[in-house]
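A short worksheet on the structure shown next.
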Amino acid sequence: MEPACGDNNLIGDGETADDILDGRFRVIQKKTGYRFSLDALLLAHFVRMKKGDALLDLGTGSAVIPLLLYHRWGCSRVAGIEIQPELADMARRTLALNGLSDQIEIIEGDIQSIEQLIAPRSFDTVTFNPPYRKLQSGKINPLPEKAQARHEIHGSVGDFIQAAACAVRASGRIFLIYPARRLAELIFQMRRFQVEPKRLRMVHSRAEMEGEFVLMEGIVAGGEELAVLPPLFIYGEDGVYTPAMQEIFNDLCVAAETGAG
């Protein structure tokens, strides 16, 4: 999609404005740097809210998740917290590009000091796709945006869960996507901060492969009962998206057009 004349001022040098969901939204991203991935779409589809709920997205990056969930659930209030100034700026310009500057707020700051950024217990739902690599594991990307998005430089999964538990109201819901290989650590940290795992779905690239990611829903001070959903396979044997993945894309497209959950 070619930018409209007024849109050119929103897209900086070295940036692209990429279509998602068949052009229903556009996201400003660096040509080389942090770029949102399929994880964001999977998480946005996994979230369950009530119409009019207040939503907070931690480490919002390109603000893709707030953008999608605002339309899907008709949220009364939406905010995203982002520690990297350049990403926060791109997120604000993405919202302007989609006509949502007045509907979604981007807060620049550190989730480890969340009480200085928002009022505690002021959101119904919190989402996040946290950095998943320990600082000691793997080569750190030389691009700062990618390094901070992938490695626990500005906070571990425990820090994100603690921030979410602070932000969400009593019995509020927390949704996240995380590497399957770190599921034990995820559940440990959730229970450490009194967030009870309630719904889980394993995501596999293909049916014959091990689980790659886990989608998780937790409730603050919830009772002990976990629903394990059928696994999600992204690609079929032919290398194209499975019917289940096509259904996810279709659902998000419909929500983008109608605003229905």
(request) Mind giving me the FRET efficiency for VAL240 and GLU210? R0 is 25 Å, r the Cβ-Cβ distance, nearest 0.05 is fine. (result) 0.75
(request) Take the chain, connect every pair of alpha-carbon atoms lying under 10 Å apart with a spring to form a Gaussian network, then pick out the residue of LEU56, LEU200, LEU100 with the largest mean-square fluctuation. (result) LEU100
(request) State the number of lysine pairs found in the chain whose Cα atoms come within less than 17 Å, restricting to pairs 8 or more positions apart or on distinct chains. (result) 4
(message) If amide hydrogens are placed 1.01 Å from N in the peptide plane, which non-local residues have theirs closer than 5 Å to the one on ILE107?
(response) GLY80, ILE81, GLU82
(request) Starting from the eigenvalues of the Cα gyration tensor, five times each then square-rooted, give me the equivalent ellipsoid semi-axes of region 37-256, largest first, whole Å. (result) 24, 21, 20
(message) Show me, for region 253-259, the HN-Hα J-couplings you get by feeding each phi into the Karplus relation (A = 6.51, B = -1.76, C = 1.60, θ = phi - 60°), rounded to Hz, glycine and proline as x.
(response) 5, 4, 4, 5, 7, 9, x
(request) Take the alpha carbon atoms of region 183-222, find their center, do the same for region 1-71, and report the distance between the two centers in whole angstrom. (result) 24 Å
(message) Per residue of region 177-186, what does 6.51 cos²θ - 1.76 cosθ + 1.60 with θ = phi - 60° give for ³J(HN,Hα)? Whole Hz please, x for Gly and Pro, Karplus curve as stated.
(response) 10, 8, x, 4, 5, 10, 4, 4, 5, 4
(request) Taking the Cα centre of the chain as origin, sum charge times position over the Cβ atoms of Lys and Arg (+1) and Asp and Glu (-1), and report the length of that vector in debye to the nearest 20. (result) 620 debye
(request) Would you mind telling me which residue in THR60, THR16, THR127 has the biggest mean-square fluctuation in a Gaussian network model of the chain, where springs connect alpha carbons within a distance under 10 angstrom? (result) THR16
(request) Write down the percent of antiparallel bridges among all DSSP beta bridges whose residues are both part of the chain, to the nearest 5. (result) 50 percent
(message) Explain nothing, just the number: relative contact order of region 200-261, from Cα pairs under 8 Å at least 6 residues apart, as a whole percent.
(response) 30 percent
(request) For every helix of n ≥ 4 consecutive DSSP H residues, a contribution of -39,500 (n - 2.57) applies; sum these over the chain, divide by its total residues, and give [θ] at 222 nm rounded to the nearest 500 deg cm²/dmol. (result) -9000 deg cm²/dmol
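Quick note: the coordinates plus some simple rules give every number you see, no bench work behind them. On a predicted model such as this, the values are computed, not experimentally measured, just so you know. Neighbour counts are summed over all protein chains in view; Cβ atoms, including those assigned to glycine, are modelled from backbone coordinates with ideal geometry.
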